[in-house]
Amino acid sequence: MTVSDLLLDLLRRAEADLPGVEILTADEVSPWPVGVVEALVQDGFLSPTTPGTSVLCDACLEDHWQEVEFVESPPGARRAYIVCPEAGRVAVDTARLNRWRVNLTGLAGVLGHLLGCREAPDELVASRLWRLGTTELAGESRDAFLVRGPAWPNAAETLRLEQRLSHSASSLLLTLVEIIADPPTGTSVVPLTRVLSLAHNGLSLDLSYIDAVLVSQAERSVGASYIFRKQGEYWTIVYEGRLLLLKDALGLGYIRHLLGRPGESIHVLDLVSSIRPPSPGRRAMYAQMSQDQLDEEGLTVQERDDLGPALDPHAKAAYRQRLTDIEEDIAEAERNNDVGALGRLKEERDSIVAELERAFGLRGRARAVSSSAERARSAVGQAVSSALRKMSEADVTLGRFLSKAIERGTFCSYTPERPVPWEF
């Protein structure tokens, strides 16, 4: 079980309205990465509770639970055992009796701390609603709340009846798992499954995502129906009033550039340069160099009409240094069990390696722009297609509209069937 999986399981346990589901046994947490239980206890999300009195027999294949018995043998030494119908008396490590309880009040406390709230959490509705405090988010002072069971019967009525929530303008409402279909007026809803993560040093929140949600909500409230804008690490996309937030990706940057120039045919190399501009004067510099000078730099031009090598020596050195740094960061993330950072670092590493493979030949000589055009066509097409797939998963109508409007190839274009007043 990965750290992300176990955190999702804990949030689902906390959300469930079933007696005993919030209790975890030592056997359940034994596969967890080292240090996770201790980190969650320190944060307050887990609390030690009354030890168990029975364990699952591990001496046979019958999967039966047996009550634990104790004996003093030798005198003064207390030992635990179970009696298995097949294996007889079986010794039990008393550590297997340890249990922990999911503690939502403790979670409210750590969430308030991570948000920078100035007050201690206040439980407004028993086991259902907590006011985390006041904090600064997306440039405004806001009240933050944690709610459990927004999909339970009478949940909407319960939330509306709590005056401190219903009278709190521009507030943030954190849920455990569920999205609230009809939230109180003025609230922005963010599920913890989207923003809560666990690293070696405890729980953390993706504040950039929360900021993006709050800013997007504010823009929608003033009637913005079409938005395609990068805000921090996320893209805020509003189509026909519907909101989606996507993690930054290269394909989204390409799409943004095309949306800003409707009806124009843009060469893929110009499209790439619009996202990652070349160093100033690079093409002019190479155009003035002789073949011998190019050879001394380890570069080659394959055709007289080429516009110049795809990467200069400084860019090549910078890429390689960044790869070295990333490998060190990956090693540290693996030591710390930081799954989120590990995924981002590996994605960046793969992107840089792909860029170097596109830009340089087998002998390490930079390829000319004309030979890069085909690779750019393929790379841009794949990046745009990937971004369109993610948009389609979140909003089928938007995905279908942009897939029909965006032409991919050596020349790319955005030609919609009807004009769309995008705001960037």
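The values are calculated or read from the model by the stated rules, or taken from the named source; none is laboratory data. It should be emphasised that the depicted structure is a prediction, and the values quoted were computed from it without experimental measurement. Note that each Cβ is placed from the backbone with ideal geometry, even for glycine, and that neighbours are counted across all protein chains shown.
Okay, here's what the table says:
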{"read-out": "Checking Thr50 against (1) in contact with a helix residue (DSSP H, G or I) (Cβ under 6 Å, 6 or more places away or on another chain); (2) over 19 Å from Ser171 (Cα atoms), the condition it does not meet", "value": "(1)"}
{"read-out": "Residue match in the stretch 22-44 (condition: part of a strand (DSSP E or B) and within 24 Å of Ala341 (Cα to Cα))", "value": "no"}
{"read-out": "Asp329 modelled with pLDDT of 70 or more, under 28 Å from Leu196 (Cβ atoms), surrounded by 15 or more Cβ atoms within 10 Å (Cβ to Cβ) and not hydroxyl-bearing (Ser, Thr, Tyr)", "value": "yes"}
{"read-out": "Scan of the stretch 129-153 for residues that are of a type in the set (A, V, I, L, M) and closer than 20 Å to Glu178 by Cα, ordered by number", "value": "Leu129, Leu132, Ala144, Leu146, Val147, Ala151"}
{"read-out": "Long-range neighbours under 6 Å by Cβ, at least six apart or interchain, first residue closer than 9 Å to Ala108 by Cβ and surrounded by 14 or more Cβ atoms within 10 Å (Cβ to Cβ) within the stretch 120-133, second at pLDDT 90 or above and acidic (Asp, Glu)", "value": "Trp130/Glu123; Arg131/Asp122"}
{"read-out": "The stretch 244-277: number of residues that are in a loop (DSSP other than H, G, I, E, B) and in contact (Cβ under 8 Å) with a residue 24 or more places away in the chain", "value": "7"}
{"read-out": "Contacts under 8 angstrom Cβ, first residue in the stretch 320-332 being touching a residue at least 12 places away in the same chain (Cβ under 8 Å), partner among the β-branched types (Val, Ile, Thr) and surrounded by 11 or more Cβ atoms within 10 Å (Cβ to Cβ), 6 or more apart", "value": "Arg322/Ile352; Leu323/Ile352; Leu323/Val353; Ile326/Ile352"}
{"read-out": "Selection count where residues are surrounded by 13 or more Cβ atoms within 10 Å (Cβ to Cβ) and either under 41 Å from the mean Cα position of the chain (by Cα) or not acidic (Asp, Glu) (or both), scope the stretch 66-77", "value": "2"}
{"read-out": "Residues of the stretch 49-64 that turn out to be under 17 Å from Thr25 (Cβ atoms) and surrounded by 12 or more Cβ atoms within 10 Å (Cβ to Cβ), as a count", "value": "9"}
{"read-out": "Residue, nearest to Ala151 (Cα to Cα), within the stretch 8-53, restricted to residues that are in contact (Cβ under 8 Å) with a residue 24 or more places away in the chain and of a type in the set (Ser, Thr, Tyr)", "value": "Ser47"}
{"read-out": "Helices (runs of 4 or more DSSP H) lying entirely in the stretch 145-243 (those with 2 or more residues that are modelled with pLDDT under 85 and either touching a helix residue (DSSP H, G or I) at 6+ places or on another chain (Cβ under 9 Å) or buried (at least 18 other Cβ atoms within 10 Å of the Cβ) (or both))", "value": "155-161, 163-166, 207-221"}
{"read-out": "Any hit, the stretch 34-51, residues being under 18 Å from Leu192 (Cβ atoms) and among the aromatic types (Phe, Trp, Tyr)", "value": "yes"}
{"read-out": "Selected residue (criterion: nearest to Ser265 (Cα to Cα)) from residues of the stretch 371-411 that are assigned to a helix (DSSP H, G or I) and among the acidic types (Asp, Glu)", "value": "Glu374"}
{"read-out": "Some residue of the stretch 34-42 being more than 30 Å from Ala120 (Cα to Cα) and not basic (Lys, Arg)", "value": "yes"}
{"read-out": "Only one of Arg367, Arg363 that is over 30 Å from Asn201 (Cα atoms), modelled with pLDDT under 75 and surrounded by fewer than 18 Cβ atoms within 10 Å (Cβ to Cβ)", "value": "Arg363"}
{"read-out": "Test: residue in the stretch 401-418 that is among the acidic types (Asp, Glu) and within 21 Å of Tyr234 (Cβ to Cβ)", "value": "no"}
{"read-out": "Yes/no for Ser141 being free of Cβ contacts under 8 Å to residues at least 12 places away in the same chain, hydroxyl-bearing (Ser, Thr, Tyr) and in contact with a Lys or Arg (Cβ under 7 Å, 6 or more places away or on another chain)", "value": "no"}
